[in-house]
Amino acid sequence: MRVLIAEDETLIRLDLKGMLESAGLQVCAEARDGVEAVELADSESPDLAVLDVKMPRLDGIEAARRILDERPMPIVIVSAFTERSLVRRAAEAGVYGYLAKPFREEDLLPAIATARARFDQLSAVREQADTLADALAARKAIERAKGLLMEHQGLSEQDAFVRLRRASQTSGRPMRVIAEAIIETLS
Amino acid sequence: MKILIAEDETLIRLDLRAILERHGFTVCAEARDGVEAVELARSTQPDAALLDVRMPNLDGIEAARRIYAERPLPIVMLTAFRDRATVGKAVAAGVFGYLLKPFREGDVAPALYAATARHAELLAARRRLGTEQPKRIDLDLPSPSGHAWPVRIERAEDGSLDVRVVQR
């Protein structure tokens, strides 16, 4: 698993890196502030990010929000500050874990494991829902186009379907695209 | 936010309750073992649960699995076990957080807030999947002869799919 870490204090960053590497994780990017974290999340495509909160230029919570706007990933925050307002902001931004500094290896590794697992679970459910939504939208468009062909060209349901399928085969475009084009023209 | 806590050691349980109340949570139930945790989760309907792993009668990971199966809610484990196998079992049971004992006060509320927010996201995605998943789909499949075969796909109560050619 490739991990991005963001921490402005060099010693803590090295410590964090050592901890992660000794647990078998690969630290693929080290950011020294929030802006760098956002850039490195984009260029290095890590599997997970561990972010400090108080950093120059851009704080870790705002960095988390911007990273997640670009691409969802599991994020764990480590911070000396655990006031409710900060934690709430982080939770709303979409982080999976929030640990108080000085963080301990025995808390960090399970936090990473749960973050990764729950993130993968959510991604799988979302992907299924998206696939299903696409399939249903395609089916609706094809039904509608079939109906329009039957109405406008006096075709039977089966002939209308065959017409759609041929158009899809000869043009090499999906049935949904053909159906949408027919709906556009005929309705 | 109503929290269920499960911890067999009285002193730690009292400590945990005080910490949660100090951070604005309501402790709606205190279980002393896993069986009590499952029962209290059912009767008091907490918003989140904080469970110890090693408890009499039923361990916290199995309790987490049973609680989650009855009604999904964010669960955070609180335990002295730090070995990969135990963490892995808890992760597989669906927990959203895992804190090591002796736990630090500063970690408890943040873990619950993060767990609750992410769990709400998961539930929303599942609801979307549920509402978009119709019980029955009728569609036409092309046959080798160029005709359309009307096919019906039906989902049974147990989630299995039944696919057959139908006459319209």
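The values are calculated or read from the model by the stated rules, or taken from the named source; none is laboratory data. No experiment lies behind these values; they were computed from the predicted model shown. No Cβ is skipped: glycine too gets one built from the backbone with ideal geometry, and neighbour counts run over all protein chains shown.
Details
- Residue check for B:ARG104: facing chain A (nearest Cβ under 7 Å) and either crowded, with 23+ Cβ neighbours inside 10 Å or modelled with pLDDT of 90 or more (or both): yes
- Entirely in the stretch A:74-183, the helices (runs of 4 or more DSSP H) that have 1 or more residues that are within 22 Å of B:PRO72 (Cβ to Cβ): A:84-93, A:105-153
- Residue satisfying all of: in the stretch B:74-119; without any contact (Cβ under 8 Å) to a residue 60 or more places away in the chain and of a type in the set (S, T, N, Q); nearest to A:ALA117 (Cα to Cα) among these: B:THR86
- Flag if A:ALA63 is crowded, with 23+ Cβ neighbours inside 10 Å and modelled with pLDDT of 95 or more: yes
- Residue within the stretch B:95-114 that is over 13 Å from the mean Cα position of the chain (by Cα) and among the basic types (Lys, Arg) present: yes
- No other residue among B:ALA64, B:ALA80 is surrounded by 23 or more Cβ atoms within 10 Å (Cβ to Cβ) and under 14 Å from B:GLU7 (Cα atoms) apart from B:ALA64.
- First in the stretch A:115-140 and more than 8 Å from chain B (Cβ to nearest Cβ) and free of Cβ contacts under 8 Å to residues at least 60 places away in the same chain, second anywhere and surrounded by 14 or more Cβ atoms within 10 Å (Cβ to Cβ) and assigned to a helix (DSSP H, G or I), Cβ under 6 Å, 6 or more apart: A:ALA138/A:ARG176
- Reported count of residues in the stretch A:152-180, each being more than 12 Å from every other protein chain (Cβ to nearest Cβ) and touching a residue at least 24 places away in the same chain (Cβ under 8 Å), is 6.
- Scanning the stretch B:30-78 for residues that are β-branched (Val, Ile, Thr) and modelled with pLDDT under 95 yields no hits at all.
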